[in-house]
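Note sheet for the following structure.
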Amino acid sequence: MSNTEQDTERLFHALDAFQIEIPSWGFANTGTRFGKFIQPGAATTIEEKFADAAEVHRLTGATPTLALHVLWDMPGGVHDAPKIRALAQQTGIRPGSINPNLFQDQHYKFGSLCHPSAEVRALAVAHMIDSIAIATELASRDISLWLPDGSNYPGTQSIRSRIEWLEESLQQAHQRMTPHQRLLVEYKPFEPAFYHTDIADWGMALLLARSAGPQARVLVDTGHHYAAQNIEQIVAWLTHTGMLGGFHFNDRRYADDDLTLGSIDPYQVFRIFAEIHCAQHESGLADIAFMIDQSHNLKPKVEAMVQTVATAQELWLKAATIDWDRLAKLQRECDLVAAEELYRGAFWGDVKPTLAAWREARGLPIDPLHALRQSGYIQRIEAERADKQTGLGSYA
Ligand code: PSV
Ligand code: MN
C-alpha cells in the first residue's frame, strides 16, 4: 500500500470513528429571554424530534444518538420509556444522554442539589434518581447534569455549605447508577445566577466528579467559559487525568450564545479536536462523548444541524491530518516556527476532497446540505407542522 493510500485509510478510519450526538431541544422552538420566533418546521412532538434526528443522520452518517431532556421529552418519566424505545426502533436513532431538569420547578428558586433546605435537595436528588432509572430503561450510558444553582448577591448564600450539600447530593445520585453508566458534570461560570454558580469551572467540576464516585466525569461545554479562556488546555488536563467525559459543542461570541459550531472561531474547535487526537495518539483514550448543545433561534433547525455536523466532520478531519510524531520532534527541538506551521498547516489544508471521497465510499451524499435542500424534507415538515405551532403569526 502506498503512503497516500495509507493516509487515506487512516483518515477514513478517523471519520468512521467520529460520532456526535444531537440534542432533541435543537429541533424544537426555542428563543432568547426576549421571546421566541416560531418556525413552521420546528418539531412539536418527540416523534418529530426523532424524525429530524434520523434525517440528520441519513445525510451525515455521524449522529446515531439523540440527547433527551427529561421533562421536555419524557414528561411521564420512566413510563415514557416504551414509547421512546419504539421510536428508536422505527427511526434507527438510539436514545443518547439523559439530561435531568433542575431548573424549571418553582421549588428550585434558590437552588436544587445545593438548596439550603434538605427537603428541596431531596426532591432534586429524587429527580436525579428518576433520570438514572430512565437511562437504565433506555440503555443510555450517560446522565448529563447541568446544574443551574447559584446566587445573585454576595453574602446571600453560604458558598461553603453549598459545596458540602452538592457533594452529598451527587454521591447519593452516583450510588444509584448501574456499573456501566456515567455521571457527566457540566460547569458554567454564569447564568442563570450572576454572582456565583455552584459549579463554575472545570476545577470545581473535576473535584465534584472525583468526590461523587468512580463513574463521574467532567463535561466541557464550549460556551461555558470566560472570554479568551484556553479551552484546549483544559482538555489537555482532563485527558491527562482521565476525567474528560464529554463535550457540548457550540460557538459563542459573548456569552453562552449557542451559535453554530465553528461559526465564530473554527480554529478553536480545531485546537480542541487536535488535543483529543494527540491524546489518542499518545496514550489511547477512554470514550469521550461528543455532543452538540445548540438551539438555533433564527436558522432553520434541521439545516443548521446538518451544517453543524458537516463542519464538525471537516474540522475533526483537519485535526486528524496532523503528523504527531513529526510535531513532537519539532516541539522537543523547540523549532517554534516549523512546529506552528505544521499545526496550522493542518488547519488551513483542504480536506474537502477526502471528506467527499469518504462520503461517497460510505454511501452518503457528498454535499449533505445540498442533499437536504433537494430532498423535499424541509418543505414536507413545514407543511405538516405549521398548523401545530403555537404563536406562528402571519408575515403578511
Ligand atoms: C444551559 O446553559 C444549557 O445550555 C446547558 O449547557 C445544558 O447542557 C443545556 O442547557 C441543556 O440543559
Ligand atoms: Mn451544555
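The values are calculated or read from the model by the stated rules, or taken from the named source; none is laboratory data. What you are looking at is a predicted structure, and each value in this text was computed from that prediction instead of being measured. Cβ: placed from backbone, ideal geometry, glycine included. Neighbour counts: every protein chain shown. Ligands, DNA and RNA are stripped out before the accessible areas are found, and what is left, the full protein with its side chains, is counted by its heavy atoms. Shrake-Rupley method; radii C 1.70, N 1.55, O 1.52, S 1.80 Å.
Can you pull out the residues in region 243-257 that are touching a residue at least 40 places away in the same chain (Cβ under 8 Å) and surrounded by fewer than 19 Cβ atoms within 10 Å (Cβ to Cβ)?
Across region 243-257, the qualifying residues are A255, D256.
Would you check which residues across region 245-283 are charged (D, E, K, R), in contact with a Lys or Arg (Cβ under 9 Å, 6 or more places away or on another chain) and either closer than 26 Å to A216 by Cβ or within 11 Å of ligand 1 (Cβ to nearest atom) (or both) and list them?
Result: D256, D258.
Given the conditions (1) open to solvent by less than 60 Å² (accessible area, probe 1.4 Å); (2) under 23 Å from L259 (Cα atoms), report the number of the one that S375 does not fulfil.
If we test S375 against (1) open to solvent by less than 60 Å² (accessible area, probe 1.4 Å); (2) under 23 Å from L259 (Cα atoms), just (2) comes out false.
Looking only at residues that are in contact with a helix residue (DSSP H, G or I) (Cβ under 8 Å, 6 or more places away or on another chain) and aromatic (F, W, Y) in region 4-42, which one is nearest to ligand 2 (Cβ to nearest atom)?
W25
Across region 79-136, which residue is nearest to D198 (Cα to Cα) among those that are more than 16 Å from ligand 2 (Cβ to nearest atom) and touching a strand residue (DSSP E or B) at 6+ places or on another chain (Cβ under 7 Å)?
The selected residue is I132.
Within region 176-188, track down each residue that is assigned to a loop (DSSP other than H, G, I, E, B) and within 11 Å of ligand 1 (Cβ to nearest atom).
If we filter region 176-188 for residues that are assigned to a loop (DSSP other than H, G, I, E, B), which is where we start, we get 176-181, 187-188.
The answer is Y187, K188.
Residues being touching a residue at least 60 places away in the same chain (Cβ under 8 Å) and in contact with a Leu (Cβ under 8 Å, 6 or more places away or on another chain): count how many of those fall in region 273-293.
2
Would you say L369 is within 30 Å of Q39 (Cα to Cα) and outside any helix (DSSP H, G or I)?
So L369 fails the test.
When region 1-37 is examined, which residues are found to be among the hydrophobic types (A, V, I, L, M, F, W, C), open to solvent by less than 30 Å² (accessible area, probe 1.4 Å) and not in a helix (DSSP H, G or I)?
Residues satisfying the conditions are F18, I20, I22, F27, A28.
Is there a residue being surrounded by fewer than 19 Cβ atoms within 10 Å (Cβ to Cβ), of a type in the set (K, R) and within 16 Å of ligand 1 (Cβ to nearest atom) anywhere in region 40-57?
So far as region 40-57 goes, no, none of its residues is surrounded by fewer than 19 Cβ atoms within 10 Å (Cβ to Cβ), of a type in the set (K, R) and within 16 Å of ligand 1 (Cβ to nearest atom).
How many residues are among the hydrophobic types (A, V, I, L, M, F, W, C), in contact with a Leu (Cβ under 7 Å, 6 or more places away or on another chain) and within 14 Å of ligand 1 (Cβ to nearest atom) when one looks only at region 114-144?
Residues flagged as among the hydrophobic types (A, V, I, L, M, F, W, C), in contact with a Leu (Cβ under 7 Å, 6 or more places away or on another chain) and within 14 Å of ligand 1 (Cβ to nearest atom) within region 114-144 amount to 1.
Restricting attention to region 284-300, and to residues there that are modelled with pLDDT of 90 or more and closer than 22 Å to L145 by Cβ, which single residue is farthest from ligand 1 (Cβ to nearest atom)?
That would be I288.
Tally up the residues in region 62-100 that are within 16 Å of the chain's Cα centre (by Cα) and open to solvent by 30 Å² or more (accessible area, probe 1.4 Å), please.
1
Using beta carbons and a limit of 8 Å, which pairs, at least six apart or on different chains, have the first residue in region 333-352 and under 22 Å from T4 (Cβ atoms) and the second one open to solvent by 100 Å² or more (accessible area, probe 1.4 Å)?
What qualifies is L342/R326.
Of the residues L147, L207, L170, only one is away from ligand 1 (no atom under 16 Å from the Cβ), open to solvent by less than 60 Å² (accessible area, probe 1.4 Å) and either under 23 Å from the mean Cα position of the chain (by Cα) or at pLDDT below 95 (or both); which?
Only one candidate passes the filter, namely L170.
Looking only at region 173-192, how many residues end up being away from ligand 2 (no atom under 16 Å from the Cβ), out of contact with any Lys or Arg (no Cβ under 7 Å at 6 or more places or on another chain) and open to solvent by less than 70 Å² (accessible area, probe 1.4 Å)?
So the answer is 4.
Can you tell me how many residues within region 184-201 are over 16 Å from G245 (Cβ atoms) and among the hydroxyl-bearing types (S, T, Y)? Before you say what the answer is, go through the steps one by one.
Keep residues of region 184-201 that are over 16 Å from G245 (Cβ atoms), which gives 189-198, 200.
Then drop every residue that is not among the hydroxyl-bearing types (S, T, Y), which leaves 195, 197.
Final tally of qualifying residues: 2.
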